[in-house]
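Nothing in this text is a laboratory measurement; each read-out follows from the coordinates by a stated rule. What you are looking at is a predicted structure, and each value in this text was computed from that prediction instead of being measured. Ideal geometry is used to build each Cβ from the backbone, glycine not excepted, and the neighbour counts take in all protein chains shown.
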């Protein structure tokens with residue numbers, strides 16, 4: 001049978017209890033054929049009865065409870081994609097769905113992507129990391145022109161330990177343009193900049209209710225980073241901001257009664273910066289910390305906790321929501337979409353990979369302290385070459401100390417140019433961007449070596465984004481295992497081809513499939529087992 005009931009003692013007792021409940025209606029309303037059942041289960045807005053007939057269990061599209069008729073085994077309610085997740089998340093970020101497309105740096109999460117998503121009520125986060133402020137400002141103006149100030153849209157703020165002024169200038173830009181949702185990533189501790197953003201959006205109504213205009217989504221994977229943001233801002237930071245006239249005394253007072261973050265995105269095994277932690281362990285762990293601090297502080301609006309990392313199929317999204325995630329975040333799969341800001345060559349590579357075709361490699365922005373990012377390893381030597389640079393950096397104190405044979409290998413195989421020319425390019429770049437970096441390099445030969453090595457690390461992502469064919473073996477492509485899972489799920493469908501992967505279409509299928517999977521879990525709680533033909537959502541046009 002297509003729908004069968006488990007045969008064990010517990011469910012026999014349940015059957016006895018439900019046999020007293022009957023369904024009555026026309027036999028034409030009963031659905032038993034596989035394709036028809038699948039079709040009806042996909043009608044997420046419809047409700048169904050589960051009816052025990054002489055031929056087995058059937059779905060009933062209509063009818064009513066009665067004292068006579070077939071045994072009614074249960075009731076299947078509607079499950080719309082808009083109903084998944086937390087309602088307050090949708091309200092705060094002006095979106096129709098408890099979902100957002102996470103930022104991919106250097107504009108890979110592009111303005112075009114956010115506009116396409118926003119027009120359909122989906123939230124996206126612009127990938128501002130690594131971009132000049134002029135490009136970020138141009139993106140703000142383009143997105144606000146298309147979506148208005150209300151959005152939905154968010155902008156990413158990435159922690160910049162090597163250039164703190166850049167981080168502050170970017171935040172000032174967001175405040176200037178009234179950006180109401182920012183996604184903060186790669187932060188390793190409490191940031192006065194984030195406190196400033198959060199507090200500067202606080203006010204209150206005549207009845208004393210706090211109005212929270214600025215919403216801070218913090219991406220984390222460690223409790224020591226999450227905990228300070230789940231608490232009100234420290235007095236010392238608030239007093240300093242008041243002294244600098246960055247916030248008012250009233251805003252400082254209100255900031256003592258709300259958490260710094262409005263949303264915590266628990267980032268598991270994701271692309272880019274990641275600790276590769278399993279979501280099934282990390283999400284409940286952070287939820288418990290949130291719950292404890294909520295009891296302690298008694299906030300009027302609890303901090304929402306969402307899930308990210310490894311979410312590339314309907315089943316994975318449904319699993320995260322089943323664990324109580326208030327919202328879900330996708331990343332790697334968005335990069336593979338037509339609207340993303342990377343090259344078609346990269347999208348072709350991403351469409352071919354499996355889950356195992358990723359690995360950790362040195363991070364360009366935090367190279368000196370050994371931070372790593374998860375990247376694509378299939379079709380590129382970047383992970384191995386980046387690691388080689390880090391090993392040499394650890395071994396020597398300056399470029400001049402590098403042995404002639406190793407330097408020759410660097411110049412011929414990795415940089416493909418003389419290191420003196422690389423330093424010349426580096427000087428030209430930082431003369432425009434941040435001259436203080438050159439001053440530091442002149443005093444510290446090891447730091448000069450780091451800047452030279454970061455030339456390759458930074459260029460490798462720009463070569464990938466531009467699709468530079470002669471440097472394809474050096475492409476740095478941020479990617480997590482979710483991409484391989486997505487490819488396996490879409491195999492044989494129209495979404496298998498990269499040119500067919502449009503962001504709104506992909507997002508719609510992921511959420512609709514997640515709702516479908518949630519519906520299957522409801523059937524299981526009623527003791528109903530489904531055939532394999534019904535157990536997977538297929539992304540048809």
Check: Tell me, in nm to one decimal, what length is gained between residue 213 and residue 359 on full extension, where the rule is 0.36 nm per residue of separation less the Cα-Cα distance?
Finding: 48.7 nm
Check: Which order results if 281, 72 are arranged by neighbouring Cβ count within 10 Å, fewest first?
Finding: 281, 72
Checklist line | Sum of -39500 (n - 2.57) over DSSP H runs of 4+, divided by residues of the chain (222 nm, nearest 500) | finding: -13000 deg cm²/dmol
Next item on the list: Along each of the three principal axes of the Cα atoms of the range 238-325, give the extent in whole Å, ordering the values from largest to smallest.
Entry: 48, 30, 19
Notebook entry, point to check: Can you give the three extents of the C-alpha atoms in the range 347-474 along their principal axes, from longest to shortest, in whole Å?
Noted result: 46, 31, 26
Item checked: Segments 239-246, 348-355 sorted - mean Cβ within 10 Å per residue, highest first -> 348-355, 239-246
Next item on the list: Order by neighbour count: 143, 217, fewest other Cβ atoms within 10 Å first, most last.
Entry: 143, 217
Check: Quick one: in the range 20-155, what % of C-alpha pairs are over 17 Å apart?
Finding: 67 percent
Next item on the list: For the range 133-282, evaluate the Debye formula with one uniform point scatterer on each Cα (no solvent term) and list log10 I(q)/I(0) at q = 0.17 Å⁻¹, rounded to two decimals.
Entry: -1.04
Margin query: What is the distance in Å between the Cα centroid of the range 47-95 and that of the range 308-330?
Written below: 22 Å
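Just need the Rg to Rh number for the chain, please, alpha carbons only, Kirkwood Rh. Can you show the working numbers first?
Values: Rg = 26.4 Å, Rh = 25.4 Å.
With Rh from the inverse mean 1/r over Cα pairs, Rg/Rh is 1.04.
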Item checked: Largest-first principal axis extents of the Cα set of the range 491-541 (Å) -> 42, 19, 12
Check: Helix 503-525: angle to the longest alpha-carbon principal axis of the chain, degrees 0 to 90, nearest 10?
Finding: 40 degrees
